[in-house]
Amino acid sequence: MTKLVIVESPAKGRTISGYLGNDYDVEASVGHIRDLPQPSELPADMKKGPYGRFAVDVDNGFEPYYVVAPDKKKKVAELRKKLKQADELLLATDEDREGEAIAWHLYEVLKPKIPVKRMVFHEITPEAISRALNTPRELDNQLVDAQESRRILDRLVGYEVSPLLWRKIAPGLSAGRVQSVATRLVVDRERERMAFVAASYWDVTALMNKENEEFSAKLISLDGSRIATGRDYNDHGELKPKALKDGVRRLNEADAHGLELAVAQNKATVTSVETKPYKRRPAPPFTTSTLQQEASRKLRMSARDTMRTAQ
C-alpha cells in the first residue's frame, strides 16, 4: 500500500515525486476536474427546473450543480483506480482559493474511504515538502466557499452581461464579476460625457510697462469679486455652488471687451483678448506594473500587498 498525493500540475508532480520516494504515488489533477455545466449540457429533466438557466438554483441558497468535465472523466477514472491501491490520500493542490476548491472537488468526486489530509507548501524543495508532510491540515471550508461564491457570481453576472456585449460590441466576448463592473464604469462615464455642456468664459490679460520693463498681468478680481475660471464650472456649464456662494463673477465676451476698452482709455497697453480651450490631461489608467510602482512610492506597499488589495 502507498500514499496517494494529488497535485495540480504534472510538472510539479514529477518534481515532488523525486523527493518523496517509493512509498508515495504522485498524480496530477491538471486543474479543476468539475465545474458548472452550460445549461445546454444539463440532463433533460433538469433543463426546465431551477437549474435550467444558470446551473445554479438561485431560489434555494444559490445551490450550484457541478458535473465532471468531459475531458476529465478519464483522469477521474485513473485517480479512482490509484485510490483503491492507497492507504492514505494527500491533497496537495495550491493553497489559494482555486487550489483549495480543487482539493474539495477531488474529495467530493473521489469519495475516499481512507484517511484524507490536506498538504500545503509554498516552494518545491526537499525541506518544504518534508515540512508539509509533517504538518498536514484539514480542508479550509472558508476558502472553498470564497471560490464557490466567486464562480457562481461569475455565472450569474456573466450570463446577463455577455449577451449585451455581443449585441453592442462584438460576438464571442464574455463578461463576469470583474468585466461587468468595468462595463458599468464605462457606461457611467459615457453618460457624464453625453450630459456635458460646453461653456465659454472670458478673462482679461494686460501687458504692463513700468520703468521700461514689460510684464503681463491677468485680471483676478473686479470690484472685489473674483473672476471665474475653468475650475469654477461643473460639467453642465454652470457655476458650482461654492463659486456662487463666494460671489465669483462670470465674464462673458461683452464684459471682457468692455474691460479692454476701459483699460485702454486709462492709457494702459492691452495687446489682445484671447480664448483658449480648457483641457484635462488625466494620467493614463494603471497597468499592473504602474499600480505596483505608485503603491510602493506613495504607500510603501509591497507588490504582494498591492495585488492582494487590488483583488
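The values are calculated or read from the model by the stated rules, or taken from the named source; none is laboratory data. For clarity, every value in this text was computed on a predicted model and none was experimentally measured. Positions of Cβ are generated from backbone atoms using ideal geometry, with glycine treated the same way; all protein chains shown enter the neighbour counts.
For region 21-41, name all the residues that are farther than 19 Å from P163 by Cβ, of a type outside the set (S, T, N, Q) and assigned to a loop (DSSP other than H, G, I, E, B). Step through it out loud before you land on a result.
Of all residues in region 21-41, those farther than 19 Å from P163 by Cβ come to 21-35.
Subset that is of a type outside the set (S, T, N, Q): 21, 23-28, 30-35.
Result: G21, D23, V30, G31, H32, I33.
Here are some conditions: (1) at pLDDT 85 or above; (2) part of a helix (DSSP H, G or I); (3) surrounded by 13 or more Cβ atoms within 10 Å (Cβ to Cβ); (4) not polar (S, T, N, Q). D188 meets all but one. Which one does it not meet?
Every condition holds for D188 apart from (3).
Mind listing just one residue for me: the one in region 194-232 that is among the charged types (D, E, K, R) and surrounded by 14 or more Cβ atoms within 10 Å (Cβ to Cβ) and, of those, modelled with the lowest pLDDT?
It comes out as D203.
For region 198-220, which residues satisfy the criterion of being in contact (Cβ under 8 Å) with a residue 24 or more places away in the chain, closer than 26 Å to A243 by Cα, of a type in the set (A, V, I, L, M, F, W, C) and not in a loop (DSSP other than H, G, I, E, B)?
A206
Can you report the number of residues in region 289-302 which are surrounded by 14 or more Cβ atoms within 10 Å (Cβ to Cβ) and either of a type in the set (F, W, Y) or within 20 Å of V178 (Cβ to Cβ) (or both)?
Of the residues in region 289-302, 3 are surrounded by 14 or more Cβ atoms within 10 Å (Cβ to Cβ) and either of a type in the set (F, W, Y) or within 20 Å of V178 (Cβ to Cβ) (or both).
Give just the number: which of (1) in contact with a Phe, Trp or Tyr (Cβ under 6 Å, 6 or more places away or on another chain); (2) at pLDDT below 85 does R155 not satisfy?
(2)
For region 96-124, which positions are part of a loop (DSSP other than H, G, I, E, B) and touching a residue at least 40 places away in the same chain (Cβ under 8 Å)?
D96, M119, I124
Need the failing condition index for Q38 against (1) exposed (fewer than 14 other Cβ atoms within 10 Å of the Cβ); (2) closer than 30 Å to T2 by Cα; (3) of a type in the set (S, T, N, Q), just the number.
So the condition that Q38 fails would be (2).
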